[in-house]
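Following: one structure in structure tokens, then a few remarks.
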Amino acid sequence: MKLDRLGDFQRTHRNGDLRLDHAGQTVRLLGWCRRVRNLGSLVFLDLRDRWGLVQLVANEETADPELLAKLKAVRSEFVLAAEGVVAERESKNPNMATGDIEIRLTGLKILNTAAPLPFPLEDEGVGEDLRLTYRFLDLRREQLQRNMVLRSEASNLIRNYFRKNDFVEFETPILGKSTPEGARDYLVPSRVHAGEFFALPQSPQLYKQMLQVSGFERYVQICRCFRDEDLRADRQPEFTQVDVEMSFVRQEDIQALIEGLMVELCPLVDQQAVAPFPRLTYKDAMEWYGSDKPDLRCKIKIQDVTSLFAGSEFNLFRAAADSQGQRRVRGLFLPGEAAGAYSRKQLDELQETAKKLGAGGLPYAKWGKDGLASSFKKFISAELEAELKTTLGIHGEGLAIFAVGTDDQTSRVLGDLRLRLARTFGLTDTSAFEFLWVVDFPLLQWDEDEQRFVACHHPFTSPHPDDLGLLESNPGACRAVAYDLVLNGYELGGGSIRIHDAETQSLMFRTIGIGEAEARAKFGYLLDALSFGAPPHGGLALGLDRLVMLLAGEDNIREVIAFPKTAQARCLMTDAPSPVDERQLRELHLVQDAKQTYRVGAVFFESAEGGVDAAKRGELRGQALQQISQMTPKQTQGLVTLDAQGQILDAQTLSGPTFEF
């Protein structure tokens, strides 16, 4: 097919902007053919551009034959330039923004054809691998186009918000120093410095602290970060974060700033955020919700019922009550007729899920049409039933489930089942946005593998001022001045007030097993900076990908990233990562040539009696080299004596060693 040239054809309107007000106007449009339909005397074509869809129509009885021929040659995803007159539709389409009008074609250019698509763009059931292989086509989908535009709008709003709050935007290095304490680094070998590596930044943490020492006071950056860790639906190996750091601030100042940003972002998707957001300590979050990022759209709380079974004949629960706090009985109640009618088969399936989460089983009690039914009913007296109802807030029908074990075990089991069952029984308001600050995180946690304390956030987080004395005496009990922003059960971001003096920072390093020499080797520049008048400072980083995912109503972060990686950290479109040329590996000192044996040939020159000037020496040198090149390999391993004219006077063979390289 012969293609038309665009020439001086220029768009007059965006496809999605046309309305009845444009009726009678001649318009020029550009875009892709979504589909074409031949209904006998009428041919319809849907033309799509970034701003929307509009219907084109031509009447076979009145249209120019050349125009009809082109129109009948058009297939899905052909690239077109169309000219026509806006007219009111006879049969309007309320499901299209442009459904009141159509374009009566007077001209058409085919700018490019398209091969048959590997999948229909309107098909919602296409496998993700196929979509990611042809991501350039997948991105033509209306939903993905909306997501990308939303991401752009959110990024622009964020930049403008921080600009009006007097922040300075920076760019920090991508090639940096590998440091301990955190996820695995992506390493970049240095060609210039053999055996040495750069690391891609997991965050610009130390750079932004340096900028506070430099006196900029308010820093912001929308930056790319990299972590070599296992992936999930809301995580990628390379991601974008909104990085913020401020001097002379308290935790509350940073929280207020970020709350203001959320208040401005939510209207992008017709949501509302009301500041200030609720605050919940880490301890209470784990106690009531079994998670450090609780979803407050579900109002159900986990309760401690250990004391109710202190004298019980139910051995499993009584043993926990007698364990002096080492193990507890915790439970939660899910109200409603559906929960109270949960079948034995469904409860067995729920118990298997609990076992996969680490529970030994899942004791339950339910109240349905026939009253109480329970896996330990014979141990529930009327008095105990009344106490359970009071403690768990039981009114009417519903299901109570219990977990026995350590705090970590019971939190993991009940925290997960709380969300699963709330979705099953419709106890989560999926239309709401529920923001929350989780504060007072532990500063350190014990690492069994390494037999030392490690930082829960990072080793630059300030200890809580009330717990500073515990850093040496009881590090595990020390709280951090750290805070996470949570939305609908997802961590949007986290931050902390930083350590701003070298003495406390050195103490922190010692507490997590980093000695003075190692600290100086890895963080010497930070310790130096802190000794030159570092101001009190703190900050926060928001995950932009995750934030846009929640704004867009998606449950997979790949739906808001133009070219994401798979769960196996591969780009299917470009087939990355991939092998590279061996020459590149040698240049980077990652592989060595196979050893070869060479005999070292040494030729020593002696000049005969009699001096010669510099010019003559150069001439003699050339003559000597010419003669030497004619010697046998055996002779070249020797002592050669030349006369003043460059003639060989003597050649002695020297034995030479062999070397492996």
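The values are calculated or read from the model by the stated rules, or taken from the named source; none is laboratory data. Keep in mind the model is a prediction, meaning the values are calculated, not measured. Don't worry about glycine lacking a Cβ; one is built from the backbone with ideal geometry, like all the others, and counts go over all protein chains shown.
Considering every residue within segment 438-447, establish whether at least one is closer than 30 Å to Pro267 by Cβ, in the same structural domain as Asp284 (by TED's automatic domain parsing), surrounded by fewer than 23 Cβ atoms within 10 Å (Cβ to Cβ) and at pLDDT 95 or above.
Yes, that holds for at least one residue.
Take segment 203-219 and flag every residue that is within 14 Å of Leu540 (Cα to Cα) and either without any contact (Cβ under 8 Å) to a residue 60 or more places away in the chain or not assigned by TED's automatic domain parsing to the domain that holds Asp253 (or both).
The answer is Pro204, Tyr207, Arg218.
Going by the conditions given, is Ala58 over 21 Å from Asp138 (Cα atoms) and touching a strand residue (DSSP E or B) at 6+ places or on another chain (Cβ under 9 Å)?
yes
Just to verify a result, which residue in segment 480-495, among those that are under 19 Å from Gln445 (Cβ atoms) and free of Cβ contacts under 8 Å to residues at least 60 places away in the same chain, is surrounded by the fewest Cβ atoms within 10 Å (Cβ to Cβ)?
By that ranking, first place goes to Gly494.
Pick out the one residue from Gly393, Gly398, Gly415, Gly405 that is more than 30 Å from Pro267 (Cβ to Cβ) and in contact with a Ser or Thr (Cβ under 8 Å, 6 or more places away or on another chain).
Answer to the check: Gly415.
Taking the conditions exactly as written (hydrophobic (A, V, I, L, M, F, W, C), over 30 Å from Glu128 (Cα atoms) and in contact (Cβ under 8 Å) with a residue 40 or more places away in the chain), does Phe248 satisfy them or not?
yes
How many residues does segment 107-125 hold that are assigned to a loop (DSSP other than H, G, I, E, B) and either surrounded by 15 or more Cβ atoms within 10 Å (Cβ to Cβ) or not small (Gly, Ala, Ser) (or both)?
Final tally of qualifying residues: 10.
Pairs only if they're at least six apart or on different chains, beta carbon under 6 angstrom, first in segment 511-536 and in a helix (DSSP H, G or I), second of a type in the set (Val, Ile, Thr); list them, first residue then second.
Here the result reads Lys522/Thr179; Ala529/Val213, each pair linking segment 511-536 to a residue that is of a type in the set (Val, Ile, Thr).
Please verify whether segment 329-351 includes one or more residues that are among the basic types (Lys, Arg) and surrounded by 15 or more Cβ atoms within 10 Å (Cβ to Cβ).
Yes, segment 329-351 contains at least one residue that is among the basic types (Lys, Arg) and surrounded by 15 or more Cβ atoms within 10 Å (Cβ to Cβ).
Can we say Gln209 is outside any loop (DSSP other than H, G, I, E, B) and at negative phi?
Spelling it out, Gln209 is indeed outside any loop (DSSP other than H, G, I, E, B) and at negative phi.
Restricting to segment 192-237, name every residue that is over 27 Å from Ala502 (Cβ atoms) and touching a Cys at 6+ places or on another chain (Cβ under 9 Å).
Leu200
Being farther than 25 Å from Gly260 by Cβ and part of a helix (DSSP H, G or I) is the filter here; which residues of segment 138-152 pass it?
Of everything in segment 138-152, those that are farther than 25 Å from Gly260 by Cβ and part of a helix (DSSP H, G or I) turn out to be Asp138, Glu142, Gln143, Leu144, Gln145, Arg146, Met148.
How many residues does segment 153-176 contain that are surrounded by 11 or more Cβ atoms within 10 Å (Cβ to Cβ), not in a loop (DSSP other than H, G, I, E, B) and not aromatic (Phe, Trp, Tyr)?
Of the residues in that region, 11 qualify.
Identify, by number, the condition in (1) in contact with a strand residue (DSSP E or B) (Cβ under 7 Å, 6 or more places away or on another chain); (2) closer than 24 Å to Val560 by Cβ that Gly176 doesn't meet.
Failed condition: (2).
Scan (1) closer than 28 Å to Gln212 by Cα; (2) in contact with a helix residue (DSSP H, G or I) (Cβ under 7 Å, 6 or more places away or on another chain) for the single condition Leu436 breaks and write down its number.
(2)
Rundown of residues vs (1) surrounded by 12 or more Cβ atoms within 10 Å (Cβ to Cβ); (2) among the basic types (Lys, Arg); (3) touching a helix residue (DSSP H, G or I) at 6+ places or on another chain (Cβ under 6 Å), yes/no style:
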site	(1), (2), (3)
Arg11	yes, yes, no
Asp17	yes, no, no
Leu20	yes, no, no
Leu39	no, no, no
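Looking at Gly340, Gly331, Gly260, Gly290, which is the one that is at positive phi and of a type outside the set (Val, Ile, Thr)?
Gly290
Restricting the search to segment 423-458, which residues are in a strand (DSSP E or B) and out of contact with any Leu (no Cβ under 9 Å at 6 or more places or on another chain)?
Those that are in a strand (DSSP E or B) and out of contact with any Leu (no Cβ under 9 Å at 6 or more places or on another chain): Pro442, Gln445, Trp446, Asp447, Arg452.
Can you tell me how many residues in segment 459-473 are crowded, with 17+ Cβ neighbours inside 10 Å and in a loop (DSSP other than H, G, I, E, B)?
4
Out of all the residues in segment 207-249, which are among the small types (Gly, Ala, Ser) and at pLDDT below 95?
Listed by number, the list holds a single entry, Ala233.
What are the residues in segment 376-407 that are within 23 Å of Ala422 (Cβ to Cβ), without any contact (Cβ under 8 Å) to a residue 24 or more places away in the chain and either touching a Lys or Arg at 6+ places or on another chain (Cβ under 8 Å) or surrounded by 14 or more Cβ atoms within 10 Å (Cβ to Cβ) (or both), if any?
Lys389
Quick one: which of Arg37, Arg104, Arg28 is touching a strand residue (DSSP E or B) at 6+ places or on another chain (Cβ under 6 Å), closer than 26 Å to Leu144 by Cβ and either modelled with pLDDT of 95 or more or part of a strand (DSSP E or B) (or both)?
Arg37
Return the residues of segment 380-410 that are outside any helix (DSSP H, G or I) and within 10 Å of Val305 (Cβ to Cβ); say none if nothing qualifies.
Ala400, Phe402
If you check Ile222, Ile258, which single one turns out to be of a type in the set (Val, Ile, Thr) and crowded, with 18+ Cβ neighbours inside 10 Å?
Unique residue meeting the criteria: Ile258.
Please specify each residue of segment 408-422 satisfying the condition of being over 17 Å from Pro363 (Cα atoms) and either touching a strand residue (DSSP E or B) at 6+ places or on another chain (Cβ under 9 Å) or surrounded by 22 or more Cβ atoms within 10 Å (Cβ to Cβ) (or both).
Passing the criteria: only Ala422.
Among the residues of segment 349-357, is any of a type outside the set (Val, Ile, Thr), assigned to a helix (DSSP H, G or I) and touching a residue at least 40 places away in the same chain (Cβ under 8 Å)?
Yes, the conditions are met somewhere in segment 349-357.
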